[in-house]
Amino acid sequence: MIDVYDIDWNLSWNDPRQFNSGNKADCSNRWNDKELCKNFDAAAKRDNYRNSMRRIEGMRLTEDSRVLDIGAGPGSIAIPLSKIVSHVTAVEPSEGMRQCLFDNMAERSISNISVVPKTWQDVDIGKDLNGPYDVVFASYSLGVPDLREALLKMNEVAEKYVYIFWFADMISHWKKFYKPIWKELFGVPPVEKRCPNIIYNLLHQLGIYANVEVTKSLNSTVYASIDDAVKDQAQGLLLTDDSQFAVLRDFLSEKMRREDGKYYLENMSYQSKIWWEKDF
C-alpha cells in the first residue's frame, strides 16, 4: 500500500493520464494562431468581461495593489483589472496572445500594464519582474513542467496573496466533454479514475496551507462557424489526422447550439479557487 505521505505530487502533475491523449498541449505555440487568439479574446470580453470580473471580485485587491498575472493571454483579467489597481505585470509567452494584449491596451489607452514575454518557468524574478507584488495569480494557466518550482516562485514573489484558478476535479473540460468520442479519437477509453487536487496537496507538502473554494458554472464559447469550432477544438485536443477531424465535426454538429448565425459550445464545469495569504 502506498503511504499518502510518500506520494510525489509534483511527479503526479506530469502523469500523462491527467491530460488529453497523453501529452500536454504546447499552449504558447497553439496561441500563436491569430484567429484563435481573436476568438478567445472576443469570448473573454462577453458581457463586459463578466467571467473575469467574477475572479477579480474573488481576490483581495485595493486601488494601490500591484499585481502579477501569470499567463495573461490577451488580457482577459489584466485589462479590466488595470482599471481597479495601481499596476499589473502580465507574463505571457505566446506572441499571438501578446499582440491581442497590446491591441487591447492601445485601444483603451492603458499605461499601467507591463508585459513580460516569457513562460513562468523562464522568468527571472530579479531581472524580469518589477516587484514587489501584493497579489500574484494564475488563471487556468499553470501549464508548467515543474509545478513545485512554479508554486514556490509564485509564493516567493508575492507580498500578500496568491490565487490559482483551476479545475476543481483536476479533469480538463476536454476529457469530460469529449468522453463519448474519446475512444474514437484516440483509440483508448478515457481514464475513469478521479484524481485528488494535486495543486492543493503539493502546497500542503510544501508547508503552504491554502484555502479552496469550489464553484459550478456554465462555460460558453462562441464561434462564427462549425469550421472555426473544429479548428479550435482540434488544436486543443492535439488531433492530427482527417479521421479524427471527421469524428470531431460530427460530434460538434450535434452538440453546438446555433443562435443569431453563431455557434455556441457549452458545458458545465467545477472550478476551484486555491488561495493563501503569504506567511511571514
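Taken together, the values in this text are just the output of simple stated rules run on the coordinates, not laboratory data. These numbers come from a predicted model, not from an experiment. Please note: Cβ atoms are built from the backbone with ideal geometry, for glycine as well, and neighbour counts cover all protein chains shown.
Assorted remarks:
- Checking every one of the GluC sites (Glu not before Pro) in the stretch 29-125 against DSSP loop status and a limit of 16 other Cβ atoms within 10 Å picks out 63.
- For the chain, the antiparallel share of DSSP beta bridges with both residues in that region comes to about 55%.
- For trypsin sites (Lys or Arg not before Pro), the sites in the stretch 112-170 that DSSP calls loop and that have at most 16 other Cβ atoms within 10 Å are 118.
- Inter-label distance, nm, simple model (7 Å from Cα along the C-beta direction), residue 214/residue 278: 3.1
- Per-pair calculated FRET efficiency, R0 = 41 Å: residue 183 and residue 6 via Cβ, rounded to 0.05: 0.75
- Its alpha carbons considered, the chain gives a radius of gyration followed by a Dmax of 19.0, 59 Å.
- Summing +1 for each Lys or Arg and -1 for each Asp or Glu among the other residues whose beta-carbon sits under 15 angstrom from that of residue 65 gives -1.
- Rounded to whole Hz, the Karplus (6.51, -1.76, 1.60) HN-Hα couplings of the stretch 176-188, x for glycine and proline: 5, 5, 9, 3, x, 10, 4, 5, 5, 6, 10, x, 9
- Unit charges at the beta carbon, dipole of the stretch 40-158: most positive-side option, 88, 43, 129: 43
- In this Cβ point-charge picture (+1 for Lys and Arg, -1 for Asp and Glu), the stretch 170-256 has a dipole of about 440 debye about its Cα centre.
- Approximate spin-label separation residue 127-residue 103, in nm, with each point projected 7 Å along Cα-to-Cβ: 3.2
- Of 53, 105, the sequence from fewest to most neighbouring Cβ atoms within 10 angstrom is 53, 105.
- Sites listed here are trypsin sites (Lys or Arg not before Pro) in the stretch 171-280 whose DSSP assignment is loop and whose Cβ has at most 13 other Cβ atoms within 10 Å: 193, 194.
- Gain upon complete extension [residue 195, residue 242; 0.36 nm per residue less C-alpha separation]: 13.7 nm
- Check: the chain dipole with +1 on Lys, Arg Cβ and -1 on Asp, Glu Cβ, in debye: 620
- Net charge contributed by nearby residues that have their C-beta within less than 13 Å of residue 49 (K/R +1, D/E -1): +4
- MRE, 222 nm, helices only [DSSP H, n ≥ 4, -39500 (n - 2.57), over the chain, to nearest 500]: -10500 deg cm²/dmol
- Cα-only radius of gyration and Dmax that characterise the stretch 179-233, units Å: 17.6, 48
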